[in-house]
Each structure stands twice: as C-alpha cells, then as structure tokens.
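Notes follow the structure.
The values are calculated or read from the model by the stated rules, or taken from the named source; none is laboratory data. Since the model is a prediction, treat every value here as computed from it, not as a measurement. Cβ: placed from backbone, ideal geometry, glycine included. Neighbour counts: every protein chain shown. For accessibility, only protein heavy atoms count, side chains too; no ligands or nucleic acids. Shrake-Rupley method; radii C 1.70, N 1.55, O 1.52, S 1.80 Å.
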Amino acid sequence: MLREVITEVCDIVAEGRAYLSGAGIVGIIKKLERIANKRSAVSMEGGHYEHYRVFRNYLHSSVWEMLGNEVSDNVITEHCHGGFGAGSLFLANKKT
C-alpha cells in the first residue's frame, strides 16, 4: 500500500516537472522566433530525462499539447552526455 502511494506521488511530481520543462522549452523557442518551419534541437541533461521514460513521455506530450501536432515535430529533444556545458557547446557549433 505504501509503495503504491509513493509511486503515485513520484509520478505526479514527475508530470508537473515535465510540464514546467516543456513550457520553458516552448517559451524559449517562441522567444527566439523558431516556431514556423524551423527545426530546434533541445539538449537535455539529467537523470530524469535519461532514465525515467515516463518523464520523457510527459515532456514530449506537453510540448505537443502547447504547439500542436505539426509544429511540435520541429522540436527535437535529445539527452546530452557530459553536462550542460558540453551540450551548449555542441549546439553552438551546429548553429554556426
């Protein structure tokens, strides 16, 4: 019984974090004006995205809900090994 309650609480917290992360991603993409017909690669670092598939599904679902089916296909999220600094470096090199 206690195990089920803890599992449910963890799922609720993960869903909230995923939706907040998705809102942040969508906000940044809109601010950069990369919504219309432009692909955007988002580098994600962290154990939740890498190991907890439910979090990853919630994140993709939240981006899809906010942008719609056609536009959300232009947003690609990938896990970045090596920390935030390495991911930023890789994305900066792709942009130039």
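Of all residues in the range 38-76, those being more than 16 Å from residue 13 (Cβ to Cβ) and of a type in the set (Lys, Arg) number 2.
If you go through the range 14-23 and keep only what is free of Cβ contacts under 8 Å to residues at least 12 places away in the same chain and open to solvent by less than 50 Å² (accessible area, probe 1.4 Å), you end up with just 16. The set of residues in the range 58-73 being small (Gly, Ala, Ser) and part of a loop (DSSP other than H, G, I, E, B) consists of 68 alone. For the subset of the range 79-96 comprising residues that are in a loop (DSSP other than H, G, I, E, B) and open to solvent by 60 Å² or more (accessible area, probe 1.4 Å), which member is modelled with the lowest pLDDT? Within the range 79-96, the match that is modelled with the lowest pLDDT is 96. Taking the range 24-57, which residues are of a type in the set (A, V, I, L, M), surrounded by 14 or more Cβ atoms within 10 Å (Cβ to Cβ) and part of a helix (DSSP H, G or I)? Within the range 24-57, 25, 26, 29 qualify. At pLDDT below 90, exposed (fewer than 14 other Cβ atoms within 10 Å of the Cβ), under 14 Å from the mean Cα position of the chain (by Cα) and assigned to a helix (DSSP H, G or I), is that true of residue 76? Criteria not met by residue 76.
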